[in-house]
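The values are calculated or read from the model by the stated rules, or taken from the named source; none is laboratory data. Note that this is a predicted model, so its numbers are computed, not measured. So basically every Cβ, Gly included, is an ideal-geometry build from the backbone, and we count neighbours across all protein chains shown.
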Amino acid sequence: MQYTLLGRTGVTVSRLCFGTMSFGGDADEATSGAMFARCLDAGINFFDTANSYSQGRSEEILGRLIKGKRDELVIASKVCSPVGPGPNNRGISRRHIMLQIENSLRRLQTDRLDIYFLHHFDTNTPIEETLHALDDLVRQGKILYPGVSNWSAWQIAKALGVSANHDWARFECIQPMYSLAKRQAEVEILPLAQSEQVGVISYSPLGGGILTGKYVGGQPAEGRLLTNAMYQKRYADQLYTEIAARFSEYAKAHGVHPATLAVAWVMAHPGITAPIIGARNVAQLEDSLASADYKLNTEQYAELSALSYEPASATDRSEERK
């Protein structure tokens, strides 16, 4: 396993982060424990969860697994997604953040989170209120670094400016979607992160499973794209099927599992700190773990990129694009 610094924090993290969204859902506690142990064996020290994953069970399971190892691990969780039916059981108001940090710390059986992500943008709450609340949590020692997931570049940039203006703790890590199928982050989010020295742990490097090759040539027995309406909508365009087919053919020709190649391609971007990998079981996890040792050269990176579609530039002056 390779290690790198997380933005400008000075914290060293593994080049792969393990996402525990399956804990307590697709993976029962025993399977979750087996995957956690395999990740530790592979050298992963970075684990990501959220208060909304499996109604809090993901945090509870991870909390039991990290006991006795907490100080050796970097643990991240999130707040914003609905955690109950009530109108205040969601969002990033000061009230909700202060309630949910206590719940996450209790479930994880820890006194602090290394990174606390805002899971989504909240149009109902002023950025100033949210950022002030996060700064208070940093001063209280309950979180070490604020982070943000699923925000656009302008929202992140605005928040960085507000934090700087008030001398509040700023976002030190961002978590965008990024894969060979979904490359929008290349336009502004990744350049912003590189410019401002913000760490990036991107999610869905396998494109919801479409880049594993299992949907090429027919439907598998199981998979998110068969049962999850969100993923079905996200990858409904025929474009993604075409990318997956070309990618699967390339992986087969080079004798490497598509999952290994997909994660390695994301890792190769200079703005990426660590892709988040996930799995339902240990067997499924192995192919993603193999990316840590896969050497993707410059020529292969260009060839793989050509299998997809480069997103349009941030301005209409395409003639100035390098």
(message) Could you check segment 3-44 and list, in sequence order, the residues that are closer than 19 Å to Arg70 by Cα, in contact (Cβ under 8 Å) with a residue 40 or more places away in the chain and among the polar types (S, T, N, Q)?
(response) Thr9, Ser14, Thr20
(request) Sort through Gly255, Gly278 and tell me the only one that's among the small types (Gly, Ala, Ser), within 22 Å of Val216 (Cα to Cα) and touching a Phe, Trp or Tyr at 6+ places or on another chain (Cβ under 9 Å). (result) Gly278
(message) For segment 277-298, which positions are surrounded by fewer than 20 Cβ atoms within 10 Å (Cβ to Cβ), of a type in the set (Ser, Thr, Tyr) and not in a loop (DSSP other than H, G, I, E, B)?
(response) Thr298
(message) Out of the residues in segment 299-322 meeting the condition of being of a type in the set (Ser, Thr, Tyr) and in a helix (DSSP H, G or I), tell me which one is farthest from Met35 (Cα to Cα).
(response) Ser318
(message) Given the options Gly255, Gly208, name the one that is assigned to a loop (DSSP other than H, G, I, E, B) and either in contact with a helix residue (DSSP H, G or I) (Cβ under 6 Å, 6 or more places away or on another chain) or modelled with pLDDT of 95 or more (or both).
(response) Gly255
(request) Answer yes or no: is there a residue in segment 161-168 that is crowded, with 19+ Cβ neighbours inside 10 Å and within 19 Å of Asp114 (Cβ to Cβ). (result) yes
(message) Quick check on this structure: which one of Leu99, Leu108, Leu118 is of a type in the set (A, V, I, L, M) and surrounded by fewer than 17 Cβ atoms within 10 Å (Cβ to Cβ)?
(response) Leu99
(request) Please work out which residue is surrounded by the most Cβ atoms within 10 Å (Cβ to Cβ), limiting yourself to segment 175-195 and to residues that are in contact with a helix residue (DSSP H, G or I) (Cβ under 6 Å, 6 or more places away or on another chain) and without any contact (Cβ under 8 Å) to a residue 60 or more places away in the chain. (result) Pro176
(message) Exactly one condition in (1) in a loop (DSSP other than H, G, I, E, B); (2) closer than 17 Å to Ala264 by Cβ is false for Ala236; which is it?
(response) (2)
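Among the listed residues Leu285, Leu226, identify the single one that is closer than 22 Å to Gly19 by Cα, of a type in the set (A, V, I, L, M) and at pLDDT 95 or above.
When all the criteria are applied, what remains is Leu285.
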(request) Collect the residues in segment 58-74 that are crowded, with 24+ Cβ neighbours inside 10 Å and charged (D, E, K, R), keeping them in residue-number order. (result) Glu59
(request) Filter segment 196-240 for residues that are closer than 30 Å to Gly10 by Cβ and either surrounded by 22 or more Cβ atoms within 10 Å (Cβ to Cβ) or touching a residue at least 40 places away in the same chain (Cβ under 8 Å) (or both) and give the result. (result) Gln197, Val198, Gly199, Val200, Ile201, Ser202, Tyr203, Ser204, Pro205
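Okay, residues lined up against (1) crowded, with 22+ Cβ neighbours inside 10 Å; (2) touching a strand residue (DSSP E or B) at 6+ places or on another chain (Cβ under 9 Å); (3) on the phi < 0 side of the Ramachandran plot; (4) polar (S, T, N, Q):
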| site | (1), (2), (3), (4) |
| --- | --- |
| Leu5 | no, yes, yes, no |
| Phe18 | yes, yes, yes, no |
| Gly24 | no, no, no, no |
| Glu29 | no, yes, yes, no |
| Ser32 | yes, yes, yes, yes |
| Ala37 | no, no, yes, no |
| Gly43 | no, yes, no, no |
| Ala76 | yes, yes, yes, no |
